[in-house]
Amino acid sequence: MPKRKNKQPDKVLLFTFGAIVIIGIIALLSASAGESNRNFKNIYEYFVHQFTYGFIIGGIMCFVMYKFPYKKLEKLALPIFLLSVFAMMLIFVPGLGLEIGGAKRWLNLGFATFQPSELIKLAFIIYFSAWLASHIKEVRSAKSFIPFIVLLGSMGLLLMLQPDLSTLGIVVAIAGAMYFTAGAKIKEMVAIGGIGVAALYLFVKISPYRVNRVKTLLDPRTDPFGIGYQINQILIAVGSGQIWGAGPFQGTQKNFLPLAMNDSIFAVWAEETGFIGAAIVILLFTIIAWRGMRIASSANTDFAKFAAAGITTWLFVQAVINIGAMIGIVPLTGVTLPLISYGSSSLIITLMAVGLLLQLSKEVNKS
């Protein structure tokens with residue numbers, strides 16, 4: 001009998017995303033309370049902002065992406081990508097670009113700020129999925145390697161001008177996974193990896209603050225009140241959680257953690273819920289990787305296959321980088337934890353990707 005399409009979304013994936021969102025709400029409510037009180041004399045200010053502009057708007061956009069036919073999205077791939085690139089370029093326009101911490105990554109919209117590098121991840125996945133689907137023969141015959149490198153190099157240049165090495169690394173991982181899924185040869189993947197490592201080494205060498213991050217990774221005791229302060233406070237938070245944690249909202253390290261509600265929110269969660277809570281978060285992202293790659297391997301169309309691989313790689317790799325930094329196995333990068341860290345731009349775009357992935361999950365052949 002012919003295989004039938006599964007018209008329901010992947011329920012395991014749906015419940016997994018729901019669990020992560022709930023964890024994100026709880027973790028943010030705790031992690032943001034201190035800073036919110038210091039800045040606004042109100043412990044709920046950042047939480048309300050994230051809930052209103054992130055979860056509510058993001059939830060609506062998630063539903064829109066779930067219902068909007070992905071085949072129409074495939075036809076709009078180029079305009080979407082060009083629009084995201086245009087938004088990236090606007091950050092260099094005086095008055096529009098907002099510089100924070102020496103990096104220009106935000107657009108000042110007056111009523112809110114927006115980070116175009118978040119949009120570029122999803123837009124790139126949509127465009128590159130459509131590109132691969134229309135060049136599948138060239139990919140498998142190794143004739144598309146040079147155009148692929150040119151595309152990736154152009155993206156890299158735009159991101160490095162900000163500079164945003166962490167987003168570049170995630171985009172390279174996404175592109176590599178999608179290209180491999182399309183049938184790229186092993187020697188091409190090795191070449192991509194070599195180029196990535198060489199670029200990483202170069203950017204670390206020319207940037208003193210990145211060198212300092214590597215130093216603190218190798219020895220967290222390096223300058224504990226200077227360049228090593230953040231990683232030391234993070235490790236104290238994670239370690240003090242022990243097995244069961246201090247209890248919800250009972251952690252104290254969040255008062256000393258830089259970026260407690262942003263990059264370091266996993267450390268706050270680990271202190272308050274312990275090894276068990278931290279392991280649950282890791283397990284949930286691992287389930288996303290499993291179910292997402294299952295969709296990619298069983299999808300009915302090439303576009304669905306490549307888009308699922310790209311979204312899954314994005315969410316999993318970003319989570320691995322963030323959590324890895326929190327437990328001291330990769331350098332601190334400024335990468336946020338998807339669906340949990342504070343940041344409306346990131347949350348809205350990530351929820352849009354979730355909606356698309358759930359739609360694609362309906363295209364999996366039943367075995």
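The values are calculated or read from the model by the stated rules, or taken from the named source; none is laboratory data. What you are looking at is a predicted structure, and each value in this text was computed from that prediction instead of being measured. We place every Cβ from the backbone using ideal geometry, glycine too, and count neighbours over all the protein chains shown. Areas reflect the complete protein model, heavy atoms only, side chains present, ligands, DNA and RNA absent. Shrake-Rupley method; radii C 1.70, N 1.55, O 1.52, S 1.80 Å.
Can you tell me which residues in segment 170-196 are among the small types (Gly, Ala, Ser) and either in contact with a His (Cβ under 7 Å, 6 or more places away or on another chain) or surrounded by fewer than 19 Cβ atoms within 10 Å (Cβ to Cβ) (or both)?
Initial filter on segment 170-196 (among the small types (Gly, Ala, Ser)): 173, 175-177, 182-184, 191, 193-194, 196.
Matches in segment 170-196: 183, 191, 193, 194, 196.
Any residue at all in segment 191-201 that is modelled with pLDDT of 85 or more and in a helix (DSSP H, G or I)?
If we filter segment 191-201 for residues that are modelled with pLDDT of 85 or more, which is where we start, we get 191.
If we keep only those that are in a helix (DSSP H, G or I) as well, we get 191.
Looking for residues that are modelled with pLDDT of 85 or more and in a helix (DSSP H, G or I), one finds at least one in segment 191-201, hence yes.
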Scan segment 292-308 and tell me whether some residue there is among the β-branched types (Val, Ile, Thr), open to solvent by 30 Å² or more (accessible area, probe 1.4 Å) and in contact with a helix residue (DSSP H, G or I) (Cβ under 7 Å, 6 or more places away or on another chain).
yes
Residue check, residue 8 within 28 Å of residue 299 (Cβ to Cβ), polar (S, T, N, Q) and either in a helix (DSSP H, G or I) or open to solvent by 20 Å² or more (accessible area, probe 1.4 Å) (or both):
yes
Give me a count of the residues in segment 244-259 that are within 23 Å of residue 320 (Cβ to Cβ) and surrounded by fewer than 23 Cβ atoms within 10 Å (Cβ to Cβ).
3
I'm trying to understand the selection: among the residues of segment 118-175, which are charged (D, E, K, R), over 21 Å from residue 348 (Cβ atoms) and either in a helix (DSSP H, G or I) or in contact with a Pro (Cβ under 6 Å, 6 or more places away or on another chain) (or both)?
137, 138, 140
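Can you tell which of 132, 90, 109 is farther than 27 Å from residue 358 by Cβ and touching a residue at least 12 places away in the same chain (Cβ under 8 Å)? Reasoning before the result, please.
Values: 132 fails: farther than 27 Å from residue 358 by Cβ; 109 fails: touching a residue at least 12 places away in the same chain (Cβ under 8 Å).
Only one candidate qualifies: 90.
Answer yes or no: is there a residue in segment 39-46 that is under 21 Å from the mean Cα position of the chain (by Cα) and surrounded by 16 or more Cβ atoms within 10 Å (Cβ to Cβ). Explain how you work it out, then say what you get.
Taking segment 39-46 as the starting set, the residues that turn out to be under 21 Å from the mean Cα position of the chain (by Cα) are 46.
If we keep only those that are surrounded by 16 or more Cβ atoms within 10 Å (Cβ to Cβ) as well, we get 46.
Yes, that holds for at least one residue.
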Let me spell it out: the conditions are (1) touching a helix residue (DSSP H, G or I) at 6+ places or on another chain (Cβ under 7 Å); (2) modelled with pLDDT under 95; (3) open to solvent by 90 Å² or more (accessible area, probe 1.4 Å), and residue 63 meets all of them except one. Which number is the exception?
(2)
Starting from segment 146-169, take each residue that is open to solvent by 20 Å² or more (accessible area, probe 1.4 Å) and list its partners that are not in a helix (DSSP H, G or I), counting only C-beta distances under 6 angstrom and pairs at least six apart or across chains.
166/333; 166/334; 166/335
If we scan segment 22-36, do we find a residue that is surrounded by fewer than 16 Cβ atoms within 10 Å (Cβ to Cβ) and on the phi > 0 side of the Ramachandran plot?
no
Can you name the number of the only condition in (1) open to solvent by 20 Å² or more (accessible area, probe 1.4 Å); (2) assigned to a helix (DSSP H, G or I); (3) among the β-branched types (Val, Ile, Thr) that residue 16 fails?
(1)
Among residues of segment 260-288, those that are open to solvent by less than 20 Å² (accessible area, probe 1.4 Å) and not in a helix (DSSP H, G or I), counted:
3
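Here's the yes/no breakdown for (1) modelled with pLDDT of 85 or more; (2) more than 21 Å from residue 89 (Cβ to Cβ); (3) hydroxyl-bearing (Ser, Thr, Tyr):
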{"position": "142", "(1), (2), (3)": "no, yes, no"}
{"position": "145", "(1), (2), (3)": "yes, yes, no"}
{"position": "152", "(1), (2), (3)": "yes, no, no"}
{"position": "156", "(1), (2), (3)": "no, no, no"}
{"position": "159", "(1), (2), (3)": "no, no, no"}
{"position": "164", "(1), (2), (3)": "no, no, no"}
{"position": "180", "(1), (2), (3)": "yes, yes, no"}
{"position": "184", "(1), (2), (3)": "yes, yes, no"}
Going through segment 329-348 in order, the residues found to be open to solvent by 10 Å² or more (accessible area, probe 1.4 Å) and in a helix (DSSP H, G or I) are 344, 345, 346, 348
I need every pair where a residue in segment 65-81 that is of a type in the set (Lys, Arg) has its Cβ under 8 Å from the Cβ of a residue that is exposed (fewer than 12 other Cβ atoms within 10 Å of the Cβ), sequence separation at least 6 or different chains.
none
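Table: residues versus (1) modelled with pLDDT of 85 or more; (2) within 23 Å of the chain's Cα centre (by Cα).
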{"site": "212", "(1), (2)": "no, no"}
{"site": "221", "(1), (2)": "no, no"}
{"site": "234", "(1), (2)": "yes, yes"}
{"site": "241", "(1), (2)": "yes, no"}
Which one of these does residue 356 not meet: (1) open to solvent by less than 10 Å² (accessible area, probe 1.4 Å); (2) over 23 Å from residue 106 (Cα atoms); (3) free of Cβ contacts under 8 Å to residues at least 60 places away in the same chain?
(3)
